[in-house]
1. How do the peptides A:492-502, B:175-185 rank, highest first, by the average count of neighbouring beta carbon atoms within 10 Å per residue?
2. So how strong a dipole does region A:174-267 carry about its Cα centre when Lys and Arg Cβ are +1 and Asp and Glu Cβ are -1, to the nearest 20 debye?
3. Give the residue list of chymotrypsin sites (Phe, Trp or Tyr not before Pro) in region B:43-140 that are DSSP loop and have at most 14 other beta-carbon atoms within 10 angstrom.
4. If you restrict to DSSP beta bridges whose two residues both lie in chain A, what percentage is antiparallel, to the nearest 5?
5. How big is Rg to Rh over region A:499-585, alpha-carbon atoms, Rh as the Kirkwood inverse-mean-distance radius?
6. Could you compute the FRET efficiency for B:His255 and B:Arg363, with r as their C-beta to C-beta distance and R0 at 41 Å, rounded to 0.05?
7. How far is helix A:568-579 tilted off the main Cα axis of chain A, in degrees rounded to 10, range 0 to 90?
8. Placing +1 at every Lys and Arg Cβ and -1 at every Asp and Glu Cβ, with all other atoms neutral, what dipole size does chain B have around its Cα centre, in debye to the nearest 20?
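Rule-based calculations on the coordinates, nothing more; no lab input. In this text the structure is predicted, and so the values were computed from the model without any measurement. Cβ coordinates were reconstructed from backbone atoms using ideal geometry, including for glycine residues, and neighbour counts include every protein chain displayed.
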Amino acid sequence: MAPAAPPPAVVLDAVTKRFGKGPQATIALDHVSAEIRPGEITGLVGPDGAGKTTLLRLIAGLLTPDDGKITVLGHDSANAVTAVQQDIGYMPQRFGLYEDLTVAENLRLYADMHGLDEAARQERFHTLLAFTALGPFVERLAGKLSGGMKQKLGLACALLPRPRLLLLDEPSAGVDPASRRELWRIVRTMAGEGVAVMWSTAYLDEAERCDSFLLFDNGRLLASGSPAEFSQRVENRTFLLAVPSGSKHSVQRRAAADPAVADAIIQGERIRLVLKAGAALPDGPALGGSGAPQPVRPRFEDAFVSLLQGRTPERAEARTARPPGEPSAAAPVDGAAIEARDLTRDFGAFRAVDDVTFTVSPGEVFGLLGPNGAGKSTTFRMLCGLLEPSSGSARVAGVDLGTARAAARERIGYMSQRFSLYGELSVRDNLDFFSGVYGLDRARRRQRIEWALESFELGPVARQTSGSLPLGFKQRLALSCALLHEPKVLFLDEPTSGVDPLMRREFWARIGALAERRVTVLVTSHFMDEAEYCDRLAIVYGGRMIALGSPDDLKRRFVSDALPDPTLEDAFVGLIEAQGTQVAS
Amino acid sequence: MLRRILSLIIKEFLTLWKDPKSRYVIVAPPLIQLVLFANAATFDVTHVALGLWVEDTAHPATELVSRFEGSTAFDVVAHFDNPGDVERALSAQRVKAVLHLGQTFSADVLSGRPAKVQLLLDGRRSNTALIVQNYAASILEDFQRQRSPKPDAGLQLETRAWFNPNYDSKWFILPGLTVLLTAVATILITALSVARERELGTFEQLLVTPLRPMEILLGKALPPTCIGFVEANVIAGVAVVVYGVPFIGKILLFHVAVAAFAISTIGIGMVISSIARTQQQAILGVFIFLAPAIVLSGFATPIANMPLWSQELTRINPIAYMVRLTRSIFLEDVSWAIAWHQLWPMLLIGIVTQAYSTWLFARKLQ
């Protein structure tokens, strides 16, 4: 006696979108067919460049497909765009808000654009401001809001005309976990009222919260359906292996190389294993672990990785490839590798970083975790000498950045989120350039460039223009450029945001190998997953360091009957709540 | 330190050359502008559309008319018989000038009374009007001399233009153009190179290397200097070989001048690029500087004709010094001692702007 299912909000029928012409064209979407149902949150999941944004723009009528048909709320999107535009709420990734207008002015502007009359608008403003808890901030400039509040305002603007279809492009990227949960709550309520929601995300843990998902990779729809069913594909194949302290990198490497194992990643002080289908459980101690692997509930990511590896076995090889190069000949640094003491930084009246103190030992992988705008980037920039602290001091590899910046820089490797390479230059030219500016002499230069080409497997593409390489190669080239001068400390700024999980694994395998050679690594991230790879974390929020400890330490603090096995995100939210009203602004 | 800067310089040249956009900036605009300016932009006025309003058909009047008709400076394109038509034709710019001879002209000339010749000019284009007036005056002068070669007219002004005897405006324009094009290329390349790195995030990558701010600036300044040298020499070469502009000055002095000039323009480019965050802002900054700097350079309009306050402004404009200096190197073989008066201000502007940009860079790091 099930009621007749309502008609789908969106029907995609073999939708193809190309950018560019001829053989140079990139296929952004390749024959994608799917249905989006009302009253559900459909997650669009995939790494950067997978086609998520293109799909949302096609549905919003901002692009037209080259092939195939899109039916939006019963209308063909190709010829009835205006008919349905009023019923679509679209929240783009950026530029959705006018930062020089206040919250109220932004709302009014969007109301004008949607032609809302005075009575309807007062009612909507009231509801939405209460809904998003933005009421107290109506007179604040949108540009001065925190990342989370901006996203909520963007969402409120998209919700103004009571859309029947809500398109959200990475609404939670870089937003702190507490605001992220609030966004979910709001959107969940909307779905409850029958709105069809499409939520694109690069966070795989968010996929699990959706009612259904579309998983994209390189413009192709890899999988779709319910996340729970998807995760069940690796049912009974996921385990956690406890390891003796200090050996997680070597155990992880051994496990990843085991023929029975599809995926092995570091999760705090344990190794998460995903077995290949039909493979027997390997012996824990034989891999270097303590005790037998314990079964654990499968996650979306486990199924995704095992799916990707089934499709591209050659990339699975790369993940277990030999880690980079010879041990760093550097003599161990005396004392701390990084020492931040009372670091404070003001921008005008605004205190971006407030009295942050921590030390990182040689060989440690240390994470600065926090939402956008929390002060982690400012801290990071002070530690690698890109910014001078207002007060306090920073020492890196035994050198004070305040008094001997140039000397410190010779010991620092730096890789930014954007893989700052010279795109017009070939791989080889880039290596030549970076070895030159680090002042390597000719013999050493040749030797290190050969090392980079070989151990990062860049030899075959050495003559190619680096800008035209796939993301994975760019990432490897960027890392190798940062390591040419054998730095003692490596700074990584959100190194794997937006890359697919296989690439992330490959990257962290290399970082793990470096850490074993006592290279110290400082990494910033707003990805909880990425934080799990770190030995210790500093959680930065509202300009202050609100917690310091290993991922497991932090999680342990929030174990309760309701949450026997809290995630890092649970811990993060708990820490922020514990801060209470102090950082409420 | 040398190795580091050298690596940076090599990289600068490679990126300039491998990036199609910047390659275009270096090569295409100078060539197009050179051809355009040299052939199209000329101050020489020929074939002026002239209207005739002649109310007198007797002999001296027709002779004067035929003198105008025979001159290469004028093309008679219209005949009028009433002031209304004259007014309409002038305001619609069908004619640039109208020659008016009254009914009594021939009679006045023959009887020795002062005869009136009226020349109506389109004052909206004051420059052309002035030149047309001069042409007309010289035709009238000839006419008068032939009619009454009286001894009291023996005091005659004989003009001889030094340095450019035939008033060939290419001689005036091309040396100035050499300067302008060199300025555009060097400022643009410098301003864009830092802004591009900032936009792509590679600038931070540079800042975390052992390169010091001074070394970065040096590495950024030398490549555009080289390009400026090549550009100035090529354009000067074309001016001499293709367009026949004389170069009678000292080549070494020309090179020293280009170097001093490049130091100043690159300093300005550096200041722009240390303020601009994106390439767009950099281009806007270059434009904001270049447009007034060219107008106030003496390239097209003489600085001496400007109001005093804007003459003062040209003192901080390196293009003004260089336009003046280049013309005098090309056409008058200026001496080192005199050239020095134009050289030191450029060097001073260069030193000040380079120091200021270094300070701006250093300050951004704090």
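1. Working: A:492-502: 21.9, B:175-185: 25.4.
Top of the packing list down: B:175-185, A:492-502.
2. Details: 11 positive and 12 negative charges, 60 e Å.
With Lys and Arg at +1 and Asp and Glu at -1, about 280 debye.
3. Working: sites: B:Phe43, B:Trp53, B:Phe68, B:Phe74, B:Phe80, B:Phe105, B:Tyr135; in loops: B:Phe43, B:Phe80.
In loop regions of region B:43-140 (DSSP not H, G, I, E or B), the sparsely surrounded chymotrypsin sites (Phe, Trp or Tyr not before Pro) are B:Phe43.
4. Values: 53 of 89 bridges.
Given both bridge residues lie in chain A, the antiparallel proportion sits at roughly 60 percent.
5. Values: Rg = 14.7 Å, Rh = 14.4 Å.
A ratio of 1.02.
6. Working: r = 35 Å, r/R0 = 0.85.
Between B:His255 and B:Arg363 the formula returns 0.75.
7. Here the helix axis deviates by roughly 80 degrees.
8. Details: 30 positive and 26 negative charges, 349 e Å.
That gives a dipole near 1680 debye.
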